[in-house]
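Have a look at the structure below before the remarks.
The values are calculated or read from the model by the stated rules, or taken from the named source; none is laboratory data. Since the structure is predicted, the reported quantities are computational estimates derived from the model, not experimental observations. Glycine also receives a Cβ, built like all others from the backbone with ideal geometry; neighbour counts cover every protein chain displayed. Only protein heavy atoms, including side chains, enter the accessible area calculation; ligands, DNA and RNA are left aside. Shrake-Rupley method; radii C 1.70, N 1.55, O 1.52, S 1.80 Å.
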Amino acid sequence: QVQLVESGGGLVQAGGSLRLSCAVSGSRFSSNAMSWFRQAPGKQRELVAIITASGTTTYADSVKGRFTISRDNAKNTVYLQMTSLKPADTAAYYCRIPGFAAWGQGTQVTVSP
């Protein structure tokens with residue numbers, strides 16, 4: 001059974017940085033693409049970034065140049081390095097294996113003006 005555990009969220013001022021982590025178990029991690037989503041209050045969950053098994057990355061336009069997705073296959077963990085944070089980045093952040101139904105519990109990121 002696939003399990004995803006996100007961590008690293010918190011409260012940060014605009015312009016600050018955070019690094020999110022997602023520990024994955026129950027899957028062949030190194031063979032899977034991984035993704036980060038976010039959901040702000042009252043809004044739909046949106047895709048933030050994807051990293052393929054081979055390391056190719058894709059980003060939403062809203063975070064391009066500020067966020068970096070990476071993976072450590074030895075630790076079965078995917079990361080999201082977030083810099084130059086804006087209040088609009090405030091949301092619960094979730095990781096997901098594309099094609100799998102499982103979601104983690106999410107980690108809250110709050111960016112103050």
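Points to keep in mind about this one:
- When residues in segment 1-33 are screened for being open to solvent by 40 Å² or more (accessible area, probe 1.4 Å), among the small types (Gly, Ala, Ser), assigned to a strand (DSSP E or B) and at pLDDT 95 or above, 2 of them pass.
- Test: residue in segment 51-59 that is under 17 Å from Ser7 (Cα atoms) and of a type outside the set (Lys, Arg): no
- Matching residues, segment 60-113, being within 19 Å of Gln39 (Cβ to Cβ), of a type in the set (Val, Ile, Thr), in contact (Cβ under 8 Å) with a residue 40 or more places away in the chain and open to solvent by less than 20 Å² (accessible area, probe 1.4 Å): Val78, Ile97, Thr107, Val109, Val111
- The set of residues in segment 34-59 that are open to solvent by 30 Å² or more (accessible area, probe 1.4 Å) and part of a loop (DSSP other than H, G, I, E, B) comprises Pro41, Gly42, Lys43, Gln44, Arg45, Thr52, Ala53, Ser54, Gly55, Thr56.
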